[in-house]
Amino acid sequence: MQGSANLNVMIKAARKAGRSLVKDFREVENLQVGRKGPGDFVSRADRAAEDIIREELSEARPNYGWLGEETGAAEGKDPTRRWIVDPLDGTTNYLHGMPHWAVSIALEHKGEIVSAVVYDPAKDEMFFAEKGAGAWLNDKQRLRVSGRTAMIETVHATGIPWAGSKYLPATLKDLGRLMPVCAGVRRWGAASLDLAYVAAGRFDGYWERGLKPWDVAAGILIAREAGALVEPIRDGQSMLEDGHVLAASSAIFDAFAKIIRTRD
Ligand code: LIP
């Protein structure tokens, strides 16, 4: 798939940041055994990755705006375009030495995500999409959502909030309704990869509350371009602003959404 110049810039930046994160990830596994743990080290690795991405993207597109998890928002001379970047999605996995995390880069134009990259350096899987041009894995595999139609055969992903989160009660109720009627639920800790896995047909559905724009901006486009339906959990919400996302293959979306949207 021959992507646009912007997509090629995004992929190059994701790979460069990925090389830095992989190098630091090896150190994390050593630091795990220390009493202090690798928290500060991971924060530095996260920030270093965002600096790499920002340098690459701003050199190629100096007038675009910016929204990054570590460095916040900055208006560009071109007010219609901005990068939305999570340099390390799945931070807790990274911190605990678990190889399931991603670099997520989205390009927004006039409020719409038009190009997206989610890169998993540990598995060397580059998920990407451009609006209207489909979703792809590693340049050679066209991504399509699963065709499973029986809910009892489906596997879903979510983010189970930690203790004290205001979203924990609702998520536990969701699980109580969903788990008896499906084949399984996974909590793998990286929203961008959860959405990319819906696009790849690995998950049939995904839902989560309280996310940040940089967690989901790229994954939403990749999932949609692979044929998924992706909507806010409640009508009237904004997925990027409110962070409540519901995604599933078109075959089971209605049944899945009915379960998650049930008000107890
Ligand atoms: C993470 C999300 C994940 C969510 C975690 C966290 P981070 O983003 O990708 O889906 O469950 O709580 O928000 O913080 O690793 O970039």
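The values are calculated or read from the model by the stated rules, or taken from the named source; none is laboratory data. This structure is a prediction, so every number in the text was calculated from the model and none was measured. Here Cβ is always computed from backbone atoms with ideal geometry, including for glycine, and neighbour counts include all displayed protein chains.
To keep it simple, each residue is scored yes or no on (1) crowded, with 17+ Cβ neighbours inside 10 Å; (2) outside the structural domain of Ile220 (by TED's automatic domain parsing); (3) within 16 Å of the ligand (Cβ to nearest atom); (4) within 24 Å of Arg15 (Cβ to Cβ).
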position	(1), (2), (3), (4)
Pro121	yes, yes, yes, yes
Phe128	yes, yes, no, yes
Lys131	no, yes, no, yes
Ala135	yes, yes, no, yes
Ala157	yes, no, yes, no
Trp162	no, no, yes, no
Ser165	no, no, yes, no
**OP:** Could you please find all residues in region 219-239 being of a type outside the set (Val, Ile, Thr) and farther than 22 Å from Ile160 by Cβ?
**Re:** Leu221, Arg224, Glu225, Ala226, Gly227, Leu229, Asp235, Gly236, Ser238
Subject >> Some residue of region 75-91 being under 20 Å from Trp136 (Cβ atoms), in contact (Cβ under 8 Å) with a residue 40 or more places away in the chain and hydroxyl-bearing (Ser, Thr, Tyr) >> reply: no
Subject >> Selection count, region 167-181, where residues are within 23 Å of Gly201 (Cβ to Cβ), more than 16 Å from the ligand (Cβ to nearest atom) and touching a helix residue (DSSP H, G or I) at 6+ places or on another chain (Cβ under 9 Å) >> reply: 2
**OP:** Can you confirm whether region 57-66 contains a residue that is part of a strand (DSSP E or B), touching a residue at least 60 places away in the same chain (Cβ under 8 Å) and under 26 Å from Glu112 (Cβ atoms)?
**Re:** no
**OP:** Considering only residues that are β-branched (Val, Ile, Thr) and surrounded by 13 or more Cβ atoms within 10 Å (Cβ to Cβ), look in region 144-155 and name the one that is nearest to Ile105 (Cα to Cα).
**Re:** Val145
**OP:** Could you please give the count of residues in region 1-19 that are in contact with a strand residue (DSSP E or B) (Cβ under 9 Å, 6 or more places away or on another chain), more than 14 Å from Met126 (Cα to Cα) and part of a helix (DSSP H, G or I)?
**Re:** 1
Original post:
Among (1) small (Gly, Ala, Ser); (2) away from the ligand (no atom under 13 Å from the Cβ); (3) surrounded by 17 or more Cβ atoms within 10 Å (Cβ to Cβ), which single condition is Gly72 missing?
Top reply: (3)
**OP:** Would you mind finding the one in Leu193, Leu178, Leu240 that is touching a Pro at 6+ places or on another chain (Cβ under 7 Å) and either of a type outside the set (Asp, Glu) or closer than 25 Å to His109 by Cβ (or both)?
**Re:** Leu240
